[in-house]
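These notes concern the structure reproduced below.
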Amino acid sequence: MRVLVIGGAGYIGSHVVKALLNDREEKHEVTVFDNLSSGLRENLFKEAAFIEGDILDYDVLKKAMEGQDALIHLAAFKAAGESMIYPEKYSVNNITGTLNILNAACETGVKYFVFSSSAATYGEPAYLPIDEEHPKKPTNYYGFTKLEIERFLGWYDRLKGIKYAALRYFNAAGYDPEGVVCGLEKNPANLLPVVMETAVGMRPEVKVFGNDYDTPDGTGVRDYVHVTDLADAHVKSLHYIVRHQESLAVNLGSENGISVDEMIKATRKITGQPVQSVYVERRAGDPAKLVASSKKAKELLNWHPRYSDVDTLVKTTWDAYCKNKR
């Protein structure tokens with residue numbers, strides 16, 4: 001199958017490309033489409049073609065899509081806090097950019113679309129674990145854009161026959177266990193990269209936002225899913241929509257919560273570094289605990305996370321940081 005990976009030079013995208021190239025069920029011809037604003041040339045594979053382009057450049061995008069059977073879209077902006085300050089930036093890239101992708105797919109006859117969605121579509125948890133039927137009330141503009149894109153996908157399925165998989169990630173973390181993909185994210189804001197930057201001396205300390213939550217150690221608990229497990233789900237979901245000719249939306253999480261303090265302690269143990277941390281006030285809107293139900297992905301896709309335990313998350317990330325430090 002000929003697959004266009006939009007955003008394939010990025011953190012998650014490069015792991016998805018690797019999974020496609022190593023797919024044991026089907027051989028793929030993979031092309032990466034990326035503007036390299038956050039993606040890295042070092043994340044590209046010689047076995048995959050590369051087109052440098054932007055999803056806002058419709059003509060270039062359309063040309064890249066010609067002859068493709070399927071596409072995987074990972075080119076959205078993703079900083080929730082930033083989206084509340086610059087909603088116009090997120091409107092243009094996430095919404096207008098995705099409509100460009102959908103319209104180009106219609107023009108070029110691409111019928112299969114795997115979309116990098118987010119647990120941010122759910123908002124504050126009404127119950128745990130969060131399943132796919134949970135109310136969708138995003139609390140940030142980023143989550144709103146992801147939910148709107150899912151709605152667009154539903155309409156394009158009904159009107160144009162484009163079959164899609166909307167994959168609602170929880171907290172992506174970790175790096176390729178084989179060490180092939182190790183390009184570090186630019187300006188990371190998520191917990192584990194911040195902890196790693198502290199471990200290697202790029203930051204003086206980790207700020208822990210709140211230690212008085214109703215959790216075992218008082219710090220916030222989140223569901224972390226290893227990026228290699230996420231990549232596997234992209235390949236499995238592509239197989240699903242092609243074979244069953246039906247769309248789906250599924251959660252991707254480990255179903256196990258890891259607290260902020262647990263992550264820091266595991267990093268100290270595995271790296272041997274002190275990793276200074278300091279407790280500061282809670283951030284507005286941060287729930288005490290977020291944990292996924294991934295039952296649907298397990299049943300429909302036979303997807304089972306293999307690398308999402310805390311030690312593997314930390315060890316693979318530390319290996320990537322050490323390789324870059326050298």
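The values are calculated or read from the model by the stated rules, or taken from the named source; none is laboratory data. If you're wondering where the values come from, they're calculated on a predicted model, not measured in any experiment. Glycine also receives a Cβ, built like all others from the backbone with ideal geometry; neighbour counts cover every protein chain displayed. For the accessible areas, the whole protein counts, side chains as well, though only heavy atoms, and no ligand, DNA or RNA atoms are used. Shrake-Rupley method; radii C 1.70, N 1.55, O 1.52, S 1.80 Å.
Using the heavy atoms of the protein chains alone and a 1.4 angstrom probe, what is the accessible area of the range 221-319 per residue in square angstrom? If you can, show how the numbers build up before the last one.
Numbers: 4340 Å² over 99 residues.
Each residue of the range 221-319 exposes 44 Å² on average to a 1.4 Å probe.
When only the Cβ of Lys, Arg, Asp and Glu is charged (+1, +1, -1, -1), the dipole of the range 218-280 relative to its Cα centre reaches about 200 debye. Look at the alpha carbon pairs under 8 Å that are at least 6 residues apart: their mean separation over the length of the range 230-326 gives a relative contact order of 40 percent.
Go ahead and estimate [θ] at 222 nm for the chain from helices alone: -39,500 (n - 2.57) per DSSP H run with n ≥ 4, summed, over the residue count, rounded to 500. Present the calculation step by step, with values, prior to reporting the outcome.
Values: 11 runs with 123 residues, N = 326.
So the calculated ellipticity at 222 nm is -11500 deg cm²/dmol.
Here D157 and L36 are evaluated by their C-beta separation; at R0 = 22 Å the FRET efficiency comes out at 0.10. May I ask you to derive the relative contact order of the chain, considering only C-alpha pairs under 8 Å and at least 6 residues apart, and to give it as an integer percent? Relative contact order of the chain: 19 percent. 3J(HN,Hα) couplings calculated from phi for the range 92-108 with the Karplus curve 6.51 cos²θ - 1.76 cosθ + 1.60 (θ = phi - 60°) are, in sequence order, 5, 6, 6, 8, 4, x, 5, 4, 4, 4, 4, 5, 5, 4, 4, 5, 9 Hz; Gly and Pro show x.
Reducing the range 273-326 and the range 171-187 to their Cα centroids gives an inter-centroid distance of 12 Å. Cα gyration tensor of the range 1-72, axes a ≥ b ≥ c as square roots of the eigenvalues: rounded (a/c below 1.5), prolate (a/b > b/c) or oblate? In terms of gyration-tensor shape, oblate. Remark: relative contact order (the range 1-96) = 32 percent; criterion is Cα-Cα distance under 8 angstrom and separation of 6 or more residues. Among T145, T198, T31, the largest mean-square fluctuation in a Gaussian network model of the chain (Cα springs under 10 Å) belongs to T198.
Within the chain, antiparallel bridges make up roughly 5 percent of the DSSP beta bridges whose residues both belong there. Once you have the Cα-Cα distance between E52 and A189, take 0.36 nm times their residue separation minus that, and quote the gain in nm to one decimal. Length difference between fully extended and current span is 46.8 nm.
Take the Cα of V280, step 7 Å toward its Cβ, do the same at Q245, and the gap between the two points is 5.5 nm. Highest average first, the peptides 123-129, 299-305 ordered by how many other beta carbon atoms sit within 10 Å of their residues are 299-305, 123-129. Solvent-accessible surface of the range 1-120, taken per residue with a 1.4 Å probe and all protein chains present: 43 Å². Note on the chain: with neighbouring protein chains present and a 1.4 Å probe, carbon and sulfur make up 49 percent of its accessible heavy-atom surface. Placing unit charges on each Cβ (+1 for Lys and Arg, -1 for Asp and Glu) gives the range 117-254 a dipole about its Cα centre, and among T145, G179, P129 the Cα reaching farthest toward its positive end belongs to T145.
The aspartates and glutamates whose alpha-carbon is closer than 18 Å to the alpha-carbon of K296, local same-chain residues fewer than 8 away aside, are D131, E132, E133, E150, D223, D229, D232, E246, E255. Just checking the listed ones, G220, G272, G183: in the Gaussian network model of the chain with Cα springs under 10 Å, the one fluctuating most is G272. The range 46-78 and the range 218-256 have their alpha-carbon centroids 22 Å apart.
Rounded if a/c is under 1.5, else prolate if a/b beats b/c, else oblate: with a ≥ b ≥ c from the C-alpha gyration tensor eigenvalues square-rooted, which is the chain? Prolate shape, in that a/c is at least 1.5 and a/b is the bigger ratio.
Using the Cβ atoms and a cut-off under 13 Å, what net charge is assigned to the surroundings of E262, where Lys and Arg are +1 and Asp and Glu are -1?
The answer is 0.
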